[in-house]
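S.K.: Dumping the structure here so I can ask a few things about it.
Bear in mind these aren't lab numbers, they're just calculated from the coordinates by the rules spelled out. Bear in mind that the values here come from a model prediction, so they are computed numbers and not experimental data. Every residue, glycine among them, receives a Cβ derived from its backbone with ideal geometry; neighbour counts consider all protein chains shown.
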Amino acid sequence: MITLSGTVPTPDEKEQAASVAKQTAPNYTIADEIAVVSPGSAVATKAGDSDTDGAIKDPFKAALTKNPSLDKQSISVKSTNGVVVLSGSVKTEADKLEAQKLAKAVPNVQQVVNEIDVKPPATGQSK
């Protein structure tokens, strides 16, 4: 995975950075954590992003707790500038997709990078 971070003054520059990264490393997942900050407003935006990231993590964790198939599984969440990175492990591919769906449903989420591993439980039975 390649993580893009920092600030740019326009959405076009953010898109250009992501495009260059995708062309340069086509086999990698690109996590675009670049914030668009108009000149002169960097201090206010940094404080706002921190609040937004907290407002993303808490509802996502609450949604995990309410979901009976995901509650007991090991899922971590990191949020930066509206980009959510999910990691950890779940039992099935369906659980992985459900966690991603829950993250996308949280307000202010702009992108979800799903790094969750699928690790089916060992059956422990031999025939």
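S.K.: Take every Cα pair under 8 Å in the chain that's 6+ residues apart, average their separations, divide by the length, and report that relative contact order as a whole percent.
M.R.: Relative CO of the chain lands at 21 percent.
S.K.: Pick from Val112, Val20, Val83: which residue has the top mean-square fluctuation in a GNM of the chain where Cα pairs under 10 Å get a spring?
M.R.: Result for the chain, Cα springs under 10 Å: Val20 fluctuates most.
S.K.: Further, regarding this structure: Summing +1 for each Lys or Arg and -1 for each Asp or Glu, what net charge is found among the other residues whose Cβ lies under 10 Å from the Cβ of Leu86?
M.R.: +1
S.K.: When a footprinting reagent is the concern and you count Cβ atoms within 10 Å, what order do Leu102, Leu4, Leu70 take, fewest first?
M.R.: Leu4, Leu70, Leu102
S.K.: Just from its helices, what would the mean residue ellipticity at 222 nm be for the chain, if runs of 4 or more DSSP H residues each count -39500 (n - 2.57) and the sum is divided by every residue, rounded to the nearest 500 deg cm²/dmol?
M.R.: -13500 deg cm²/dmol
S.K.: Could you pull out every one of the lysines with an alpha carbon less than 21 Å from that of Lys66, ignoring same-chain neighbours closer than 8 positions?
M.R.: Lys66 reaches Lys57, Lys78, Lys91, Lys96, Lys101, Lys104.
S.K.: Here's something else I'd like to know. Explain nothing, just compute: Karplus ³J(HN,Hα) = 6.51 cos²θ - 1.76 cosθ + 1.60, θ = phi - 60°, for every residue of segment 70-81 in order, whole Hz, x for Gly and Pro.
M.R.: Computed from phi, the couplings for segment 70-81 are 9, 3, 8, 8, 8, 10, 10, 10, 10, 10, 9, 6 Hz.
S.K.: Could you tell me which of rounded, prolate or oblate describes segment 2-118, using a ≥ b ≥ c as the square roots of the eigenvalues of the alpha-carbon gyration tensor, with rounded for a/c under 1.5 and, failing that, prolate when a/b is larger than b/c and oblate otherwise?
M.R.: Cα axes put segment 2-118 in the oblate bin.
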